[in-house]
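Quick one: structure below, then a few questions.
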Amino acid sequence: MAMNLNGVSYIVRETMRNLIRNSWMSLASVSTVAISMFVLSFFLVLTINLNHVTAVLQSQVEMKIFINRHVPRSQELALLRQARHWPDVRRIDFFTKQQAAASLKQEFPDQRDLVALISKSNPLFDGYDVYTYRPQAIPQLAERFHKESIVHTVVYEGQVVSRLDKLSNILRWVGWIVEGLLGLATLFIIVNTIRLAVFARRREVQVMKLVGATDWFIRWPFVLEGMVLGILGSLVADGLVDGGYRWLTGAAAVALPFWPLAPLHSVMSEVLMFTLIGGVLVGVLASMVALRRFLRI
Amino acid sequence: MIRLDKVSKRYPNGHYGLVDVSLTIRRGEFLFLVGPSGAGKSSLIRLLYREEAASQGEVFVDQFKLSSLRRSQVARLRRQLGVVFQDVKLLPQRTVYQNVAFAMEAVGASTRDIRKRVPQVLELVGLSRSRDNYPHQLSGGEQQRVGIARALVNNPIYVIADEPTGNLDPETARDIVKLFVEINRRGATVIMATHAKDIVNQMQRRVVAIERGRVVRDEVRGAYGYES
Ligand SMILES: Nc1ncnc2c1ncn2[C@@H]1O[C@H](COP(=O)(O)OP(=O)(O)OP(=O)(O)O)[C@@H](O)[C@H]1O
Ligand SMILES: [Mg+2]
């Protein structure tokens with residue numbers, strides 16, 4: 001595959017010639033790649049956001065442990081000290097019922113009745129906020145806390161997190177399948193575009209083979225053509241995704257102010273990476289397929 | 001050295017192009033391949049540059065054993081050979097100059113070498129004045145000379161020509177054979193399939209005659225041996 005400068009200028013010239021000669025088919029190919037990459041990006045954006053929501057939820061309080069009333073403070077703290085060393089426990093924050101009441105008031109300042117109730121005679125408990133390393137470990141951990149005699153109740157929202165996890169797994173699979181099918185369709189279209197280019201030059205290809213050109217020397221202009229088609233299509237898709245996501249974040253800021261959308265730059269960097277790699281791969285693969293028959297001389 | 005060892009060529013439709021052919025051609029030789037139409041001359045030549053593979057037996061070209069060549073080695077084999085095809089295979093959309101230069105581009109020659117070498121070869125075959133013509137603007141003989149120039153441009157060790165003087169008048173044919181003699185004198189091995197009786201008789205070189213796919217005669221200073 002060694003190539004000197006003469007080779008490179010030959011290849012670039014040939015590629016340009018092919019692209020321009022078949023400009024309509026080139027346009028069709030670019031559009032197909034763009035559609036396919038846009039769908040890929042759609043699934044990517046969904047998965048990225050689901051992961052983002054999951055991460056945000058996980059970083060919030062995962063488990064609340066409430067302690068029985070009238071338990072001596074020393075016993076509460078003893079359990080706290082022990083539980084810090086249990087596996088999967090990341091952090092434990094102790095709170096008193098006064099602190100619990102204060103944070104409730106802060107969270108729901110408009111609920112007059114509630115505020116009045118907890119101000120008069122605080123019905124709340126002392127307790128712990130427990131954070132873990134592994135959301136899957138939450139149920140066992142809850143069980144373990146529950147066995148302690150001083151523990152009154154254990155509350156956790158692990159179910160939400162694990163359901164989100166499942167959803168994003170399903171989504172990933174659906175995404176791969178849809179993308180696989182679309183990828184095949186894209187491949188098919190690009191193969192045909194390049195086959196046209198090869199067909200127009202089949203005499204050249206034949207003569208080159210017969211005078212001793214290597215397969216790679218003959219392939220390069222067509223491979224480059226495939227890559228250009230793939231990259232152009234991907235860039236179109238990336239533009240659409242970028243515009244669309246900007247619009248979405250704008251709209252969401254008004255309609256769902258507390259919904260944690262993944263930031264634009266992290267979405268776009270992943271979308272760019274996947275679509276460009278995908279575009280190049282599809283382009284290269286398509287040109288190899290299109291040429292196979294013609295190189296068999 | 002080129003060596004065929006009990007080579008047979010059977011085409012997919014069942015026809016035999018060659019039957020049990022054994023032949024050795026040493027470096028520097030000048031060899032005429034003669035025989036009636038359909039005898040198997042082109043079949044033999046196509047085996048040498050590996051457009052076709054032998055059905056039985058083995059073909060050797062220098063260090064290459066043709067039955068077990070990988071794709072990349074086929075390219076290297078062909079760079080040792082300069083082939084003039086029976087149907088010439090010129091590119092109609094390229095000029096004489098571009099057709100010849102194309103063979104150099106295809107093997108990655110530098111622009112400088114191409115600019116230097118192509119005019120030399122065109123001069124050699126006497127086409128300097130037609131360098132900017134397209135193939136359809138040339139006579140049959142001129143087209144064949146472009147094919148010859150293209151075969152010679154990469155300085156091959158073996159020059160293999162399949163009826164390079166077909167449909168030429170005797171005068172021009174003789175010029176072309178003289179050209180091959182000159183190339184042979186400079187060191188290239190020349191293998192030439194031909195029907196040009198007078199030239200073969202006059203040249204007194206090695207003659208290999210093929211009939212119905214078999215070698216029927218191999219003489220060091222041979223004659224054409226057929227009524228034409
Ligand atoms: N591609 C092919 N498929 C089937 N049969 C073929 C093929 N090429 C050649 N043949 C057969 O092989 C035999 C030898 O053909 P070949 O072309 O080698 O003859 P030749 O000596 O070159 O003839 P000419 O002097 O007319 O060029 C003929 O019978 C021909 O019909
Ligand atoms: Mg022939």
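Angle between the Cα long axis of helix A:264-295 and the longest principal axis of chain A, 0 to 90 degrees, nearest 10?
30
With both bridge residues required to lie in chain B, what share of the DSSP beta bridges run antiparallel, to the nearest 5%?
Details: 18 of 35 bridges.
Approximately 50 percent, going by the DSSP bridge assignments.
What residues qualify as long-range amide H neighbours of B:E211, i.e. H under 5 Å apart, gap of 5 or more or another chain, H built at 1.01 Å from N?
B:V216
What is the list of residues in region B:1-33 whose amide nitrogen lies under 19 Å from a point 7 angstrom out from the Cα of B:S67, following Cα to Cβ?
Backbone N within reach: B:2-12, B:16-25.
Continuing with the same structure: Going by alpha carbons, how many degrees (0 to 90, nearest 10) lie between the helix axis of A:23-59 and the longest principal axis of chain A?
20
In whole percent, what relative contact order does chain A give with Cα contacts below 8 Å and a gap of six or more residues? Mind dumping the intermediate values first?
Numbers: 345 pairs, mean separation 94.4, N = 297.
Rounded, it is 32 percent for chain A.
Find how much the distance from A:A28 to A:S9 grows on full extension, using 0.36 nm per residue of separation minus their present alpha carbon separation; answer in nm with one decimal. Write out the running numbers ahead of the final one.
Numbers: separation 19, 0.36 × 19 = 6.84 nm, distance 2.67 nm.
Value of the extension gain: 4.2 nm.
If the cut-off is 17 Å between C-alpha atoms, which lysines fall inside it for B:K178, apart from same-chain ones fewer than 8 positions away?
Cα-Cα hits under 17 Å: B:K197.
Across peptide A:211-224, how many C-beta atoms of other chains are within 10 Å of each residue C-beta, on average?
5
Quick one: of the DSSP bridges fully inside the protein assembly as shown, what percent are antiparallel, nearest 5? Walk me through the intermediate numbers first.
Details: 33 of 50 bridges.
Taking every DSSP beta bridge with both residues in the protein assembly as shown, the antiparallel ones total about 65 percent.
Mind listing the phi-derived Karplus ³J(HN,Hα) values for region A:65-78, rounded to whole Hz, using 6.51, -1.76 and 1.60 with θ = phi - 60°, and x for any glycine or proline?
For region A:65-78, the Karplus curve yields 10, 9, 9, 3, 5, 6, 8, x, 3, 4, 5, 4, 6, 5 Hz.
By how many degrees, 0 to 90 and rounded to 10, does the Cα axis of helix B:170-185 deviate from the longest principal axis of chain B?
Roughly 80 degrees, rounded to the nearest 10.
Moving on to the next point. When the chain is fully extended, how far beyond the present Cα-Cα distance does A:A116 get from A:K147, taking 0.36 nm per residue of separation? Write out the running numbers ahead of the final one.
Working: separation 31, 0.36 × 31 = 11.16 nm, distance 3.38 nm.
Gain on extension, A:A116 to A:K147, equals 7.8 nm.
Can you give the average number of partner chain beta-carbon atoms within 10 Å of each beta-carbon in peptide B:106-113, as a whole number? Before the final figure, lay out each step's value.
Numbers: counts 13, 7, 9, 3, 4, 4, 1, 1.
What the average comes to for B:106-113 is 5.
To continue, here is another question. For chain A, what is the mean residue ellipticity at 222 nm derived from helices alone (per DSSP H run of n ≥ 4: -39500 (n - 2.57); sum divided by total residues; nearest 500 deg cm²/dmol)?
Numbers: 10 runs with 221 residues, N = 297.
Mean residue ellipticity at 222 nm (helix-derived): -26000 deg cm²/dmol.
Along the Cα→Cβ direction, 7 angstrom out, place labels at B:H15 and A:S269. What is the inter-label distance in nm?
6.6
Per residue of B:77-87, what is the mean number of Cβ atoms on other protein chains within 10 angstrom of that residue's Cβ? Don't skip to the end; give the middle numbers.
Numbers: counts 1, 5, 4, 1, 3, 2, 3, 0, 2, 0, 0.
Neighbouring Cβ atoms belonging to other protein chains average 2 per residue here.
Within region A:265-279, what residues put their amide N at less than 19 Å from the label point 7 Å along the Cα-to-Cβ vector of A:L46?
Of the residues in region A:265-279, A:267-268, A:270-272, A:274-275 have backbone N under 19 Å from the label point off A:L46.
Of A:K120/A:K147; A:K64/A:K97; A:K209/B:K9, which ones are farther than 20 Å apart at the Cα? Working shown, then result.
Numbers: A:K120/A:K147 32 Å; A:K64/A:K97 13 Å; A:K209/B:K9 22 Å.
Exceeds cut-off: A:K120/A:K147; A:K209/B:K9.
Run the helix sum for chain B: -39,500 (n - 2.57) per DSSP H stretch of 4+ residues, divided by residue count, reported at 222 nm to the nearest 500 deg cm²/dmol. Don't skip to the answer; put the middle values down first.
Values: 7 runs with 79 residues, N = 228.
The per-residue figure over chain B is -10500 deg cm²/dmol.
To continue, here is another question. Between B:M1 and B:E219, what FRET efficiency comes out of the Förster formula 1/(1 + (r/R0)^6) with R0 = 22 Å and r the beta carbon distance, rounded to 0.05? Display every interim value, and only then the final one.
Numbers: r = 19 Å, r/R0 = 0.88.
Here the calculated transfer efficiency is 0.70.
Note down the nm distance, to one decimal, between modelled labels 7 Å out along Cα→Cβ at B:Q93 and at A:R90.
6.3
Just so you know, all these numbers are worked out from the coordinates, no wet-lab data involved. These numbers were taken from a predicted model, which means no experiment stands behind them. Counting neighbours? That spans all protein chains shown, and the Cβs are built from the backbone with ideal geometry, glycine included.
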